[in-house]
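Reading through the C-alpha cells given below for one structure.
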Amino acid sequence: MAYDDQNIFAKILRGEIPSFKVYKDDDTYCFMDIMPRSKGHCLVIPKTPCRNMLDASPDQLSTCLQTVQKVSHAAMKALGAEGVTIQQFNEDAGGQEVYHLHYHILPRWPGIKTTPPGKMGDMEEIKATAEAISAAL
Ligand code: AMP
C-alpha cells in the first residue's frame, strides 16, 4: 500500500495542523495524543514517510524506538508513573487508523486501567502534561 501524504500526522509534521510538542530530534517527533487513553499518552513518529512498521526502514524503526525509550523515561519521571505500555498498530486489520508509522506511549500506574479510545481529552491538561514531560527530558 502506498503512503498518503494527506494523512493527519503528515499534516502535523508540515505544520498544517497544530500539535502539543513533547520532543523532536533530526529523525523523530513526539507529540501528545489528543484522545488520551492514559495521562501522558503521546505518540512518536518518524519525520520521513512510511505507513507503518511493515514498510519502515531499519533507520526509521531504530530512531523511533530510541525516542520511545527516551520519552518513556521522561514521562515516568514527570508524572510519577510506574510503567509504560507501548502500542503500535499495522493496517486496518491490525487496528491502525492513521497511516504514518507511530508508537503510542501510555504511562501506567498500578491498578489504573487505560480508558477506551475515541474520547477527546482536556486540551489545557494535555498542554500542561506535554510541558511537564518536555521539562523532564
Ligand atoms: P492508531 O492509528 O489506531 O494507532 O490511532 C491513531 C491515534 O492518533 C489515536 O490514538 C488518536 O487519538 C490519535 N490522533 C488522531 N488525530 C490526532 C491529532 N490531530 N493529534 C494527536 N493525536 C491524534
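Data table
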| item | result |
| --- | --- |
| Residue list for the range 1-21, restricted to those being among the aromatic types (Phe, Trp, Tyr) and within 13 Å of the ligand (Cβ to nearest atom) | Phe9, Phe20 |
| Which listed residue, of Tyr99, Tyr103, is under 14 Å from Ile45 (Cα atoms), at pLDDT 95 or above, of a type in the set (Ser, Thr, Tyr) and out of contact with any strand residue (DSSP E or B) (no Cβ under 7 Å at 6 or more places or on another chain) | Tyr99 |
| Single match in His100, His104 (criterion: part of a strand (DSSP E or B) and either surrounded by 13 or more Cβ atoms within 10 Å (Cβ to Cβ) or more than 9 Å from the ligand (Cβ to nearest atom) (or both)) | His104 |
| Out of Arg51, Arg37, sole residue that is more than 29 Å from Ala135 (Cα to Cα), within 13 Å of the ligand (Cβ to nearest atom) and crowded, with 18+ Cβ neighbours inside 10 Å | Arg51 |
| Residues located in the range 78-96, provided they are over 10 Å from Asn52 (Cβ atoms), among the small types (Gly, Ala, Ser) and either within 10 Å of the ligand (Cβ to nearest atom) or modelled with pLDDT under 95 (or both) | Gly95 |
| Where Val44 falls short, out of the listed (1) more than 11 Å from the ligand (Cβ to nearest atom); (2) out of contact with any helix residue (DSSP H, G or I) (no Cβ under 7 Å at 6 or more places or on another chain); (3) hydrophobic (A, V, I, L, M, F, W, C) | (2) |
| Within the range 74-97, considering residues that are surrounded by 14 or more Cβ atoms within 10 Å (Cβ to Cβ) and touching a residue at least 60 places away in the same chain (Cβ under 8 Å), the one farthest from Ala136 (Cα to Cα) | Ala75 |
| Lys24 being away from the ligand (no atom under 13 Å from the Cβ), over 10 Å from the mean Cα position of the chain (by Cα) and surrounded by 13 or more Cβ atoms within 10 Å (Cβ to Cβ) | yes |
| Which listed residue, of Ser62, Ser38, is under 22 Å from Ile112 (Cβ atoms) and among the small types (Gly, Ala, Ser) | Ser38 |
| Filter result for the condition that a residue is in a helix (DSSP H, G or I) and within 16 Å of the ligand (Cβ to nearest atom), over Ala56, Ala75 | Ala75 |
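The values are calculated or read from the model by the stated rules, or taken from the named source; none is laboratory data. Note that the coordinates shown come from a computational prediction; the quantities given were computed from them, not determined experimentally. Glycine also receives a Cβ, built like all others from the backbone with ideal geometry; neighbour counts cover every protein chain displayed.
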